[in-house]
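The values are calculated or read from the model by the stated rules, or taken from the named source; none is laboratory data. Fair warning: this is a prediction, and the values are worked out from it, not measured in the lab. Because the Cβ atoms are built from the backbone with ideal geometry, glycine has one as well, and the counts that use them run over all protein chains shown.
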Amino acid sequence: MSKPTGLFERNGHFYLRLIIPTHQRHLFNGRTRIVQSLNTSHRRQAVLAATLLRAEIFSKLLSQGHAAQVVRQTAVNSETETQHRLRDVFNRWRDSKQRTKDSIQACERALCLFEDLTGSKTIGALTRDDGDAFRSALSKLSVSSKTTKDRFTWVKSLLRFACDDLGWVGNNPWAGLKITSTPERTRRAWTENEIDTLLSHAIYTKGELPTAWNAGGWASYWLPLLGLLTGARLSELAQLKTDDVCLQSKVICIRDRDPRQRLKTRASSRSIPIHSELLRLGFDDYVSRQREQCEEWLWSDLPKRDAKAGGFFSAWFSQYRKQMGLAHTLDFHSFRHTVRTQLATKNMSEPLIDRLLGHIPAGSIGAKTYTHADSFLAELVAVIRYPAVSKLTSLSQEPINKAGMR
C-alpha cells in the first residue's frame with residue numbers, strides 16, 4: 001500500500017496533513033491545511049487510517065450539504081485557538097516525551113521573555129508581525145547573538161509544535177522567520193608555550209590535586225591530557241565508564257550504551273587508540289585501579305551536571321586557565337583545534353582526522369565512506385606530540401596532598 005499524501009510521523013505517532021483547496025478555505029476561516037492525529041504509532045495502521053480519512057474528508061468537502069457542518073467545526077477550532085496560549089503549548093511540549101532538564105529550562109526562559117516583551121496573546125491571535133517584533137526586541141538586549149537566536153528559535157519551535165503536533169492552529173505564522181548569529185570569538189589552537197604553562201601546575205609536577213568540588217580529583221590530571229592526545233570532546237571524555245577503556249586493545253570507546261551517556265552525532269561513536277604517552281604516564285594503572293575499586297565511572301569523583309557530563313568540569317577548567325594566566329580565547333574545546341592543526345600541518349589525511357575527532361567527513365563520497373579508517377588511527381595518534389607532555393614524569397595514582405588549587 002502506497003503512502004498517502006500528507007502522512008507524517010512525529011514523536012512516534014502518525015498524523016495526516018491535508019491541504020484545503022483554495023476555493024474552500026473560506027469554510028475554515030482561511031486556513032490552508034488540516035492536521036489530525038491518527039492515534040497510532042504503527043505505520044501500516046496509519047497508512048490505512050490516513051487513506052480512509054482523506055477519502056472521508058474530501059468526500060464531505062464536495063458535498064454542499066456538509067458546508068454548514070464544516071463551518072460549525074471551524075468555529076470550534078477557532079474557539080480552541082482563542083483559548084490556548086503558548087504557555088499551554090509549552091506544557092504539552094514538555095510532557096510529550098522525555099526531555100532534558102536543560103532543554104525545558106531554556107525553552108521556558110525564552111517563553112517567559114516572550115510573554116514579558118509581547119504579552120500573553122492566544123496562539124490564534126499571533127501574527128507574523130508579532131514574530132518580527134519579538135525578533136527586533138531580542139536584538140536590542142545585551143546578550144550574545146547566539147543567545148538571541150536560541151531564544152527566538154525556542155518560541156518559534158513552540159508555535160511549530162502547536163501547528164504540526166497539536167493541530168491547534170492551521171498555519172505557523174512564523175514559518176520562514178529567521179535570526180542569524182555570529183561567532184562571539186574564534187577558537188584557536190594552543191601554542192607549545194601555552195601547553196607548557198598549562199602543565200607546569202603542581203597537579204602535573206607533584207600530583208597535588210585541587211580541592212574544588214567540580215575538579216573531579218584525578219579527572220583534573222587526566223582530562224586535559226586526554227584532550228590533548230585524543231582531540232575528543234570534553235562531554236565524551238567526562239562520561240566515560242571504566243569498561244569503555246579496553247586496555248587489551250589499547251583503545252578508548254566513545255559510545256552511548258548507557259542512557260546517561262550522550263553523543264553529539266552518529267559520527268561521534270568511535271574507538272580512539274590510547275596514546276603511548278598516556279600509557280607511559282600510567283593511564284592504564286589508573287583505569288585498573290578504578291576497576292579494582294568496582295567504580296562504574298572512570299572519574300568517580302567528578303560530579304555530573306544533568307544532560308551535560310562535562311559542564312561542571314568546564315567551569316573548573318576555566319578558573320584553572322585564568323589562574324595560570326592563559327588567554328581567555330583558550331578553553332578545553334581548543335584542544336580539538338590543537339589536534340586537528342597539528343595533524344593537518346603534518347599532511348595527515350582529512351578523512352582520518354575527521355574519524356579521530358568524531359566529525360562527519362566533508363568532501364567527496366570517497367571521503368565519507370572511508371571504511372578502513374580505524375586501522376590507520378593508531379598511526380595517526382602516534383603523530384600527535386607535545387614537548388611539554390614528553391617532559392612529564394609518571395606520578396603515583398595516590399595524590400601527595402590535596403592542598404592545590406581551589
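So which residues in the stretch 271-318 are β-branched (Val, Ile, Thr) and either outside any helix (DSSP H, G or I) or under 22 Å from the mean Cα position of the chain (by Cα) (or both)? Steps first, please.
Here is the first cut: in the stretch 271-318, the ones β-branched (Val, Ile, Thr) are 272, 274, 287.
Passing the criteria: Ile272, Ile274.
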Name the residue, out of Asp150, Asp116, that is free of Cβ contacts under 8 Å to residues at least 12 places away in the same chain, in a helix (DSSP H, G or I) and outside the structural domain of Lys322 (by TED's automatic domain parsing).
Asp116
When every residue in the stretch 296-312 that is of a type outside the set (Gly, Ala, Ser) and in contact with a strand residue (DSSP E or B) (Cβ under 9 Å, 6 or more places away or on another chain) is compared, the one surrounded by the fewest Cβ atoms within 10 Å (Cβ to Cβ) is Glu296
Hey, among Gln319, Gln290, which residue is surrounded by 15 or more Cβ atoms within 10 Å (Cβ to Cβ), modelled with pLDDT of 90 or more, in contact with a helix residue (DSSP H, G or I) (Cβ under 6 Å, 6 or more places away or on another chain) and of a type outside the set (Asp, Glu)?
Gln290
Quick check, is Trp174 touching a Gly at 6+ places or on another chain (Cβ under 6 Å), outside the structural domain of Arg17 (by TED's automatic domain parsing), at pLDDT 90 or above and under 27 Å from His13 (Cβ atoms)?
yes
Quick one: Asp196 ticks every box in (1) within 19 Å of Arg336 (Cα to Cα); (2) in contact (Cβ under 8 Å) with a residue 60 or more places away in the chain; (3) within 29 Å of the chain's Cα centre (by Cα) except a single one, so which number is it?
(3)
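If you check Ser334 against the conditions, is it without any contact (Cβ under 8 Å) to a residue 40 or more places away in the chain, on the phi < 0 side of the Ramachandran plot and among the small types (Gly, Ala, Ser)? Spell out the reasoning first.
On the way: without any contact (Cβ under 8 Å) to a residue 40 or more places away in the chain: no; on the phi < 0 side of the Ramachandran plot: yes; among the small types (Gly, Ala, Ser): yes.
So Ser334 fails the test.
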Being in contact with a helix residue (DSSP H, G or I) (Cβ under 8 Å, 6 or more places away or on another chain) and without any contact (Cβ under 8 Å) to a residue 40 or more places away in the chain is the filter here, so list the residues in the stretch 337-360 that pass it.
Ala344, Lys346, Met348, Ser349, Glu350, Pro351, Leu352, Ile353
Return the total of residues in the stretch 233-270 being under 27 Å from Pro387 (Cα atoms), small (Gly, Ala, Ser) and either under 15 Å from the mean Cα position of the chain (by Cα) or surrounded by fewer than 18 Cβ atoms within 10 Å (Cβ to Cβ) (or both).
2
Got at least one residue in the stretch 44-64 being surrounded by 15 or more Cβ atoms within 10 Å (Cβ to Cβ), modelled with pLDDT under 85, outside the structural domain of Lys149 (by TED's automatic domain parsing) and among the charged types (D, E, K, R)?
yes
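The rows are residues; the columns are (1) within 29 Å of Leu18 (Cα to Cα); (2) without any contact (Cβ under 8 Å) to a residue 40 or more places away in the chain.
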position: Asn91; (1), (2): yes, yes
position: Lys97; (1), (2): yes, no
position: Glu108; (1), (2): no, yes
position: Ala125; (1), (2): yes, no
position: Asp130; (1), (2): yes, no
position: Ala137; (1), (2): no, yes
position: Ser144; (1), (2): no, no
position: Leu166; (1), (2): yes, no
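Being of a type in the set (A, V, I, L, M) and touching a helix residue (DSSP H, G or I) at 6+ places or on another chain (Cβ under 7 Å) is the filter; apply it to the stretch 142-158 and report the residue that is surrounded by the most Cβ atoms within 10 Å (Cβ to Cβ).
Keep residues of the stretch 142-158 that are of a type in the set (A, V, I, L, M), which gives 143, 155, 158.
Now restrict to residues that are touching a helix residue (DSSP H, G or I) at 6+ places or on another chain (Cβ under 7 Å): 155, 158.
Working: Val155: 25, Leu158: 23.
Residue satisfying both the conditions and the ranking: Val155.
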Could you please give the count of residues in the stretch 368-390 that are assigned to a loop (DSSP other than H, G, I, E, B) and at pLDDT 95 or above?
3
